[in-house]
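Structure, as structure tokens:
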Amino acid sequence: DQQVKQNSPSLSVQEGRISILNCDYTNSMFDYFLWYKKYPAEGPTFLISISSIKDKNEDGRFTVFLNKSAKHLSLHIVPSQPGDSAVYFCAASWSGTASKLTFGTGTRLQVTL
Amino acid sequence: DVKVTQSSRYLVKRTGEKVFLECVQDMDHENMFWYRQDPGLGLRLIYFSYDVKMKEKGDIPEGYSVSREKKERFSLILESASTNQTSMYLCASSVAGTSNQPQHFGDGTRLSIL
């Protein structure tokens, strides 16, 4: 039972354009959501997070949007850069599980010149 | 900066061997985690620990055990390695408290079981 789903395995975007990565979840208990970026042969690095009391969080070129009624979140990268090419994982947790994260299957983003 | 160090980047073992994967963190984090990453499956939690000597099963604990004798060190043990345990193994740590704390990951151990 996949509680966190990333339905697009890959995405290709031109440099300078917006990248939109999507994530859906099924467990309404989730109250904290994160995005991680992973380069080959490296561990995932934390990118940005959002609490369920918010619907938007920004950090530089990265913005995460949360739609609780649709159980959907998205990561926007503007403008996209070649160094953003990586696999992006969304993850979710709820306060009853003390930091235990449930991850999606990942989306491979390629930013082309 | 949080540093999570996994003892080996690459490891090749034979079926039936007992395999130890070691992880050390330097930020005095209470929580530590072991995941495996497989294509198309994302990261799946094997075991986690909230404190020394404490351990809890994750989503896929079968065939694995863990040990946490010191706060900074969390070991994953494959009791009798099998080919379906060939994977990328990732260790992570985080502070205790509410859920609103990101986990910090090591660079992973790519384990091949022949």
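Dipole size of segment A:4-112 about its Cα centre, with +1 on Lys/Arg Cβ and -1 on Asp/Glu Cβ: approximately 180 debye, rounded to the nearest 20. Remark: for residue pairs B:K13/B:K57; A:K68/B:K55; B:K18/B:K71; A:K37/B:K70; A:K5/B:K70, the C-alpha separation exceeds 27 Å in A:K68/B:K55; A:K37/B:K70; A:K5/B:K70. Residue by residue along B:104-111, Cβ atoms of other protein chains within 10 Å of the local Cβ number 3 on average.
When the convex hull of its Cα atoms is viewed from all sides, chain B shows a mean projected area of 6.8 nm².
Counting only other chain Cβ atoms within 10 Å of each residue's Cβ, the peptide A:28-35 averages 2. Among A:71-79, A:38-46, the peptide with the highest mean count of other Cβ atoms within 10 Å heads the list, and the full ranking is A:71-79, A:38-46. Rounded to the nearest Å, what's the spacing between the alpha carbon centres of segment A:35-59 and segment B:18-35? Just the number, please. First find each Cα centre; the distance between them is then 21 Å. Estimated translational diffusion coefficient (Stokes-Einstein, Kirkwood radius over Cα pairs, 37 °C, 0.692 mPa s) of the protein assembly as shown: 183 µm² per second. Of the GluC sites (Glu not before Pro) found in segment B:1-51, those in coil by DSSP whose Cβ has at most 14 other Cβ atoms within 10 Å are B:E17. Taking only the Cα atoms of segment A:4-112, the ratio Rg/Rh comes out at 0.95, with Rh defined as the Kirkwood radius.
Only the coordinates and a few stated rules stand behind these numbers; no lab work does. These figures come from a predicted structure and were not determined experimentally. Glycine also receives a Cβ, built like all others from the backbone with ideal geometry; neighbour counts cover every protein chain displayed.
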